[in-house]
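To keep things clear, I will list the structure first and then write my remarks on it.
Just so you know, all these numbers are worked out from the coordinates, no wet-lab data involved. The structure displayed is predicted, hence computed values, not measured ones. Neighbour counts are summed over all protein chains in view; Cβ atoms, including those assigned to glycine, are modelled from backbone coordinates with ideal geometry.
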Amino acid sequence: MDGLVYVGGTFRPAADAAISVFDHGLLYGDGVFEGIRAYNGRVFKLERHVERLFDSAKAIRLEIPHTPAEVCDIVVEACRQNGIADGYLRVVVTRGAGDLGLDPRKCPRACLIVIARPTLSIYRAASAGIRIVTSTFRRNAPDTTSPSIKSLNYLNNVLARIEANDRGADEALMLDGHGYVAEATVDNFFIVTDHALMTPPTATNLKGVTRETVMALAATLGITVEEKPFTLFDVWTAREAFICGTAAEVVPVLSVDERVIGNGAIGPVTGRIVTAYHEIVRSQGRSILPAPPVGEVVAGDRV
Ligand SMILES: Cc1ncc(COP(=O)(O)O)c(C=O)c1O
């Protein structure tokens, strides 16, 4: 690994970037994280991701030793330090170094880590569509570790992904404890019915930033969106389906459990959402370029 990683308050060469073996993020999965993308020299939805990071931290009573504005600045600086205009950013906050024994009071200070990489590939041939299977592992119930918390506890999703790998599929679809569709292992899930774009309410899945973006884009495209619980029957009989997330973007789903969705090709609604998403991520976001010194005239300014 090359590049510079922010850890322990400073940027270090990736090979030397390390945390304590007594960090409770490692020992107990006690921490939270975000995955963010940069496109064309801008960080897309940076403030929204950092807001969700702080919400996740609040939910687990973890005090991040920075303000949201400081975390945003460090993320942008990580892009600059690594020369990244297009890439993937991982922000992790661990409970910090303590001792054995899970009581968080053993950890006096949380640890912020920011990793900036040029790419992150999740699915082979994502743009052509993927095949998914329903996992036997259920998504965490909202009264256990809430799926709204983007925590370092991903074992239930990891097990679902292993199951998908074993079955030769690209991804797993996870149900909630009542058998309703929840989400994929690192993505939210949508279907297209005869009258609307539909996704489950977020009680059983992550409040995905891409999910929010897709819903807003659908509204501007005149596509009706419904948030309501649905079952595998609705998936089998859907006209189209896709998953979405920051790393994956919007990925058409062509089959679920070997059942072909629609006619097995990328549908028109999914196609429009893919195109609109592609455009919005490349046209909005916090600039990575340093702000020009006060008083300096930048190209395009009129004097
Ligand atoms: C479980 C889960 N669901 C959904 C998503 C998609 O969320 P976002 O669009 O904010 O990246 C992720 C992203 O990592 C995830 O881990």
**Message:** If I take the Cα coordinates of region 4-117 and project them onto the principal axes, what are the three extents in Å, biggest first?
**Reply:** 45, 30, 18
**Asked** Treating the beta-carbon of each Lys and Arg as +1 and of each Asp and Glu as -1, no other charges, what is the dipole magnitude of region 206-295 about its Cα centre, to the nearest 20 debye?
**Response** 260 debye
**Fill in**
The size of the Cβ-based charge dipole (Lys, Arg +1; Asp, Glu -1) of the chain about the Cα centre, to the nearest 20 debye, is 180 debye
**Message:** Just to confirm a number: summing +1 for Lys and Arg and -1 for Asp and Glu over residues other than ALA203 whose beta-carbon lies under 14 angstrom from that of ALA203, what do you get?
**Reply:** +1
**Asked** Which whole-angstrom value gives the distance between the alpha carbon centres of region 149-180 and region 20-66?
**Response** 21 Å
**Asked** How large is ³J(HN,Hα) for each residue in region 212-222, as worked out from phi by the Karplus curve 6.51 cos²θ - 1.76 cosθ + 1.60 (θ = phi - 60°), to whole Hz, x for Gly and Pro?
**Response** 4, 5, 4, 5, 5, 5, 4, 4, 5, 8, x
**Eligible lysines near LYS228 by straight Cα distance, threshold 21 Å, same-chain separation 8 or greater** = LYS207
**Prompt:** If you place +1 on the Cβ of every Lys and Arg and -1 on the Cβ of every Asp and Glu, how big does the dipole about the Cα centre of region 129-170 come out, in debye to the nearest 20?
**Reply:** 80 debye
**Item:** Spin-label proximity, ASP143 to region 173-206 - amide N less than 18 Å from point 7 Å beyond Cα toward beta carbon
**Value:** 176-180, 202-205
**Request:** Work through the residues other than THR193 whose Cβ is under 15 Å from its Cβ and net out their charges, Lys, Arg +1 and Asp, Glu -1.
**Result:** -3
**Request:** Consider just the alpha-carbon atoms of the chain and return their Rg together with their Dmax, both in angstrom.
**Result:** 20.2, 64
**Request:** Report the extension gain between GLU226 and LEU159 in nm, rounded to one decimal, defined as 0.36 nm multiplied by the number of residues separating them, less their alpha carbon distance.
**Result:** 21.2 nm
**Prompt:** Using only Cα atoms, what Kirkwood radius does region 189-303 have, in angstroms?
**Reply:** 16.0 Å
**Prompt:** Along the positive direction of the dipole of the chain (beta-carbon charges: Lys, Arg +1; Asp, Glu -1; about the Cα centre), which of PRO201, VAL91, ASN188 reaches farthest?
**Reply:** VAL91
**Message:** Projecting each Cα onto the charge dipole of the chain (Lys/Arg +1, Asp/Glu -1 at the beta carbon, about the Cα centre), which of ILE223, THR134, TYR6 comes out farthest on the positive side?
**Reply:** TYR6
**Asked** Taking the chain as a Gaussian network, where each spring joins two C-alpha atoms under 10 Å apart, which residue of THR204, THR231, THR275 fluctuates the most?
**Response** THR275
**Request:** Give me the Kirkwood hydrodynamic radius of region 126-281, using the inverse of the mean 1/r over all pairs of distinct Cα atoms, in Å to one decimal.
**Result:** 15.3 Å
